[in-house]
Amino acid sequence: MKKIASIDIGLKRIGVALCLAAGIVSPQEAILRKNRDQAARDVDTFLNEWSIELLVVGLPKGGSSSEEMERRIKHFVSLLKFSGEVVYQDEYGSSNEAKEMMQGVIRQKRDGRIDSMAAKVILERYLDAEKASHG
């Protein structure tokens, strides 16, 4: 089982989630983004700490700003020193899904947990797709 992480790249925060054991995905504390270089360094540190081998990156598909977002996300990923495998996963609607999961759980929306829940949704989608493709 590979050690997998996922990131949901936002303008203010980067949500992160981990999958270290089959099928168990846990959201981590989001990384605050002051600037690109600092955020890329923090993501690298996180990936190193957990010896991550595969990084799943949420990419918005559809929607008017998706091309611009995709460009930004791919640029951000190019700043990472991460040497493992990178895959892109459609994240359409993942933050809405995350919000629904969080409803009633937490009122403070700004603690970054919602960002990491979106990363969790992205990673679970990737794992489900993998499972489906390997029958």
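General remarks:
- Taking the 1.4 Å solvent-accessible surface of the stretch 1-70 as the whole, the part contributed by carbon and sulfur is 50%.
- Cα-projected label distance for Ala22 with Ser51, points at 7 Å along beta-carbon direction, nm: 1.9
- Longest to shortest principal axis, alpha-carbon extents of the stretch 1-90, angstrom: 36, 27, 23
- The slack between Glu67 and Asp128, meaning 0.36 nm per residue of separation minus the straight C-alpha distance, is 19.4 nm.
- Loop-located GluC sites (Glu not before Pro) in the stretch 1-68 whose Cβ has at most 14 other Cβ within 10 Å (DSSP): Glu29
- Relative contact order for the stretch 30-87, counting Cα pairs under 8 Å that sit 6 or more residues apart, in percent: 46
- In the stretch 20-65, Rg over Rh equals 1.03, where Rg is the alpha-carbon radius of gyration and Rh the Kirkwood radius from pairwise Cα distances.
- Ignoring aspartates and glutamates fewer than eight residues from Lys61 along the same chain, the ones with Cα atoms less than 14 angstrom from its Cα are Asp8, Glu70, Asp90, Glu91.
- Met69, Met117, ranked by accessible area, largest first (probe 1.4 Å): Met69, Met117
- The order of Arg33, Arg72 by accessible area, most exposed first and with a 1.4 Å probe, is Arg72, Arg33.
The values are calculated or read from the model by the stated rules, or taken from the named source; none is laboratory data. From a predicted model like this one, the values you see are computed outputs, not experimental measurements. Here Cβ is always computed from backbone atoms with ideal geometry, including for glycine, and neighbour counts include all displayed protein chains. Areas reflect the complete protein model, heavy atoms only, side chains present, ligands, DNA and RNA absent. Shrake-Rupley method; radii C 1.70, N 1.55, O 1.52, S 1.80 Å.
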